[in-house]
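Report on the structure given below.
The values are calculated or read from the model by the stated rules, or taken from the named source; none is laboratory data. Just so it is clear, the model here is predicted, and its values are computed rather than measured. No Cβ is skipped: glycine too gets one built from the backbone with ideal geometry, and neighbour counts run over all protein chains shown. To get the accessible areas, we keep the full protein, side chains included, count just its heavy atoms, and leave off ligands, DNA and RNA. Shrake-Rupley method; radii C 1.70, N 1.55, O 1.52, S 1.80 Å.
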Amino acid sequence: MMSALSVLFFLVVVPFAEVVTDSFGSDAQVAGFLGYFSALATAASLLVSLLLTNRLLRVVGVVGAVLVVPVLYGIGFALWAVSFTLVTAALVRAMQWVAVNAIGGTAWQGLFNVVRPPVRGQVMA
């Protein structure tokens, strides 16, 4: 499952990087945009993890929270099928960033880290 998510990850990151590079005139402008974007996406991830993830885990469970990530990927790709611009690319990348870092990663670790350490590697394999 992780390799499929890695492929999906790069199917979002590469087009996002291309549209950002094409939208700005210089490397400094690209770096500035990506810096601000990263800061805002990280802040959003922090807020979601503090305010929403616990409630989401309580309502839909760990497996349901893991499934939020592929659902959001599907929504993002559907949005891109309709319109692919800098705005939609940034929106989908931010949605992916928050979903993976604030929800998906937490839920994924919750699936395996409840197993005792002596058999954890065996369960993960």
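Of all residues in region 61-90, those that are touching a residue at least 40 places away in the same chain (Cβ under 8 Å) have Cβ atoms under 6 Å from Cβ atoms of residues that are among the hydroxyl-bearing types (Ser, Thr, Tyr) and surrounded by 13 or more Cβ atoms within 10 Å (Cβ to Cβ), 6 or more apart or on another chain, in LEU86/SER23. Here ALA99 passes the criteria (1) within 15 Å of PHE9 (Cβ to Cβ); (2) open to solvent by 40 Å² or more (accessible area, probe 1.4 Å) except the one numbered (2). Taking the criterion of being outside any helix (DSSP H, G or I) and either in contact with a helix residue (DSSP H, G or I) (Cβ under 8 Å, 6 or more places away or on another chain) or of a type in the set (S, T, N, Q) (or both), the residues of region 24-51 that qualify are PHE24, SER26.
Looking at ALA41, ALA65, which one is at pLDDT 95 or above and either open to solvent by less than 40 Å² (accessible area, probe 1.4 Å) or out of contact with any Ser or Thr (no Cβ under 6 Å at 6 or more places or on another chain) (or both)?
On the way: ALA65 fails: at pLDDT 95 or above.
The unique qualifying residue is ALA41.
Return a yes/no flag: does region 18-33 have any residue that is within 28 Å of GLN109 (Cβ to Cβ) and either exposed (fewer than 14 other Cβ atoms within 10 Å of the Cβ) or under 12 Å from the mean Cα position of the chain (by Cα) (or both).
From region 18-33, those within 28 Å of GLN109 (Cβ to Cβ) are none; that's our starting set.
Looking for residues that are within 28 Å of GLN109 (Cβ to Cβ) and either exposed (fewer than 14 other Cβ atoms within 10 Å of the Cβ) or under 12 Å from the mean Cα position of the chain (by Cα) (or both), one finds none in region 18-33, hence no.
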